[in-house]
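Comments concern the structure below.
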Amino acid sequence: MITIRLNGVDVQVREGSTILEACRLYGVPIPTLCYNEGLKPYGACRLCIVEIGEGENTRFVSSCTYPVDAGLIIKTHSKRVIQTRKLLIELLVALCPSSKTIQDLASKHGVSKIRFKPKYVNCVLCGLCVRVCNEQMDARAIGFSNRGKYRKVTTPFNIKSEVCRTCGGCIYICPACQLRCQGTEIQTTLCNACLNISYPCVDVKDKALCYLDPCASCLLEEKERQKEKKK
Amino acid sequence: MTQKKIRSIWELKSLREKLVNDPSQKIPFISISSGTCGQVRGSISIIQAFRKYIKKNKLNEKVRLKITGCHGFCEVEPNVIIYPEGIFYQKVKPTDAPEIIEETILNKKIIERLVFTDPQNGKKFPYETDIPFFKKQERLLTLNNRFLDPCNIEDYILSGGYRALCKVLADYSPEELITEIKNSKLRGRGGAGFPTGFKWSFCRKAQGEPKYIICNADEGDPGAYMDRSLLEGNPHSVIEGMVIGAYAIGATEGFIYVRNEYPLAVENASIAIEQAKKYGFLGNDIFGCGFNFKIKIVRGAGAFVCGEETALIYSVEGKKGTPRQRPPFPAQKGLWGKPTNINNVETWANIPLIINNGDKWYSKIGTNKSKGTKIFSLVGKINNTGLIEVPMGITLREIIYDIGGGIRDGKRFKAVQTGGPSGGCIPEKMLDLQIDYESLLQAGSIMGSGGMIVMDEKTCMVDIAKYFLKFLQDESCGKCLSCREGIDRMIEIMTAITDGYAKEDDIELLMELAQMTKNASMCGLGQTSPNPLLSTLRYFKDEYIAHIRYKKCPAGVCKALIKYYIDPENCKGCTACVKPCPQNAITGEKQKPHKIDQTKCIKCGICYDICKFNGVKIE
């Protein structure tokens, strides 16, 4: 066990674990997109960045790939980190506004406006599908090709792969494939619907056993009831 | 005859003495600059012309030819230097060959026509050492280029080569050697400036066998070619440095990672490796000390990001060149998971120099924290383009005005971009900045590998920043969201600025994006990618404002914001511009001022370039 300083508190963590694992162990919430516990960390989405070091020598690292070291000083929610994360989420929303996972991130982190033209792409290059295919399915049917803005996920030579067993693992794990609550017809770039819910259902229904994150299903009912009352 | 391997310092000494006393050494020789730059300007046909004339007139005993790497003064290529006098002839043509041999070699006369003339004051400089371009330099690494045939190891031995290696293997323990390099305070010439001695000691202490060393010759900055010139002109100095480094670290195998776009460098380095093997400087049991080391050349496919060390390692392994998170550093887990040390070409070439002259001598050159000399490639709108080697701590003004000979066509200096695409633009008011790693960093730029692009008043800084961002966008590996999308969005805004539809708060958004890309990206490419933007925003904000608020491009570069028109006072009515206009937008009779139809004009600028009377103007 080694000691690190996490947000000003000295804590003990197992040697060899990453900053993200240490933070999760101590309940410090760090947003991630390209991270999955069953896969090797990749560090592409940069949402999990934290500030390490002290004074003027601080720098940002992605917590999912950075191993802890004795005496490491970590700040997970400094002003700069939060600002950077918000802008990254803004870029993600502008890239792929149709994804529920990304919209949820935006709502959760208070991203309330998108200053960029939406691109409506289907892939944010998080690399989850590539890793699932390689590590869990042991197929290696897909990978990255090209570089820079032409980088994409594809099969070798862009032809149907012989090693693909069409297991669907890539679709299952894809954060962009999970569509927004509104379905395919999207009116706005940013959803933020969850932020606009005024009260949760439990206050309306006495014996509700609601485990969902804010959902709008019972709100309609409530509105109708209010209408009836007015009548 | 097979070459006997050299086994000891005495054998090396006797070989050197034999070479020095060879009667052919007394024959005057013509050193022909024939690096890639020289060959492009036609040095090969000049060599052929010289050879033909020598053969025809049987002058083998009177003159020797030496085909060398780049001499450095690329502006006046192809150039030749005649030794022992050191007479410098510029822009030589094949037809000049007989005259040079007859007049200069045989009759000892200087041909006035071929002598270098300073474009600023018309002064003539017949001797190479007098030319201002060379005079202010301190050429420790590049001076030998002109005396060495890179394909001939004996030339290198003659100049004192492999003496340092011999000395190291005989007198130093690896630890002593590392201490010597630490004391010399040599810093990595690849850009980041990490102290080389410390880097070596990390790798030496690391657990794991075998250990590897790599020479990083993946030079990709636009307008930079220092490493190419060293590998082409003096490959043995790099190899010697690598063998010494391998001894210090305990490595048994080395790689030279060079991009395939440098065919001559690949060829010369391969020849040099073969020759070094033949003479026993590489291979098993070097100098009879039981130390084994071999070098392989790995050719890169030319991705800029493969200059980053972790991406380079992947590329050597045959994988896709994508940087990875450090730690673990390559010194702990590098090539195939083994301790690996990577240094730049120039760093390796510095090693024999330090060993031969001692760490105290080396640490006297330069500034407090940056020691030694640095090779820069001075390019852009400057009179004397070329490779220059200067001591650290020299000011930009000295480089640009004394060595570079000032700005082309008498225009005004505007900025200099140092450190390649990841560097920043330094404005005129900071010309007295002393060049070292720290001061450049403070000025918002970096040392980088040593590119230096000079810009004049006709350069639009917004356009330049956009150009470098586009370069980085193409060359980014595309893994990190921050770099891939950050650069893309910055270019989007920059395009809006140069096209004239940006809003004023876009500057704020640009700054925010730049900070984010700088902070959140993983590798050096991403972290330094906003530098051109940040430095131009810092020093040339008024230009951004002019583009956004007044929809004007002060330098007259951004096509969407300018208008070509004909000044009736200057126009002589020569009709020279009428025909070349692809849009037929220019009308007018002979001897009368012409006119440009603005609705047809596509702003190609052909008329502007063609007009000799300054009649076409930019608004």
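Some notes on this structure:
- Those aspartates and glutamates that a straight Cα-Cα span of less than 16 Å connects to B:Lys592, excepting residues fewer than 8 apart in one chain: B:Asp567, B:Glu569
- 0 to 90° range, to nearest 10: angle between helix B:174-184 axis and chain B longest Cα axis: 40 degrees
- Residues whose amide H comes within less than 5 Å of that of B:Glu457, counting only those at least five positions distant or on another chain, are B:Arg412, B:Lys414 (H built at 1.01 Å from N in the peptide plane).
- Size of the range B:1-98: Rg and Dmax of its alpha carbons, in Å, are 16.1, 47.
- Peptide B:503-515 is shielded by partner chain Cβ atoms: per residue, an average of 2 of them sit within 10 Å of its Cβ.
- Ratio of Rg to Rh over chain B (Cα coordinates, Kirkwood Rh, two decimals): 1.01
- Residue pairs exceeding 27 angstrom between C-alpha atoms, taken from B:Lys18/B:Lys360; B:Lys296/B:Lys333; B:Lys294/B:Lys364; B:Lys294/B:Lys319: B:Lys18/B:Lys360; B:Lys294/B:Lys364.
- Cα centroids of the range A:40-95 and the range B:191-218: 28 Å apart.
- Average silhouette area of the protein assembly as shown, convex hull of alpha-carbon atoms, in square nanometres: 47.8 nm²
- At least 18 Å along the helix axis (C-alpha) and Kyte average at least -0.5, DSSP helices within chain A: A:79-95
- The ranking of B:Lys18, B:Lys579, B:Lys5 from fewest to most other beta carbons within 10 Å of each one's beta carbon is B:Lys579, B:Lys18, B:Lys5.
- Normalised convex hull volume, the range B:543-608, alpha-carbon set, Å³ per residue: 86 Å³
- Exceeding the 28 Å Cα-Cα cut-off - candidates B:Lys55/B:Lys109; B:Lys551/B:Lys600; B:Lys91/B:Lys369; B:Lys26/B:Lys123; A:Lys119/B:Lys600; B:Lys320/B:Lys518: B:Lys91/B:Lys369; B:Lys26/B:Lys123; A:Lys119/B:Lys600
- Rounded to whole Å, the principal axis extents of the Cα atoms in the range B:441-555 read 38, 29, 24, largest first.
- In degrees, nearest ten, helix B:9-20 long axis to first principal axis of chain B (Cα): 60 degrees
- Using alpha-carbon coordinates, inclination of helix B:506-520 to the longest axis of chain B, degrees: 20 degrees
- Counted by neighbouring Cβ atoms within 10 Å, the residues B:Trp200, B:Trp361, B:Trp348 run from fewest to most as B:Trp361, B:Trp200, B:Trp348.
- If you wrap the Cα atoms of chain A in a convex hull and average its projected area over all directions, you get 17.7 nm².
- Sorted ascending by nearby beta carbons within 10 Å, beginning with the fewest, B:Tyr550, B:Tyr225 become B:Tyr550, B:Tyr225.
- Structure-based [θ]222 nm, chain B - -39500 (n - 2.57) summed over DSSP H runs of at least 4, per residue, nearest 500: -10500 deg cm²/dmol
- Relative to one another, the C-alpha centroids of the range B:285-355 and the range A:132-171 are positioned 30 Å apart.
- Note on A:Glu37/B:Lys58: beta-carbon distance plugged into 1/(1 + (r/R0)^6) with R0 of 56 Å gives a FRET efficiency of 0.10.
- Size descriptor, Kirkwood hydrodynamic radius, that averages inverse alpha-carbon separations across the range B:526-565, Å: 11.3 Å
FYI, it's all coordinate maths here, none of it is from the lab. Predicted model, so just to flag it, every value in this text is computed and none were measured. Heads up, the Cβs are rebuilt from the backbone with ideal geometry, glycines too, and the neighbour counts pull from every protein chain shown.
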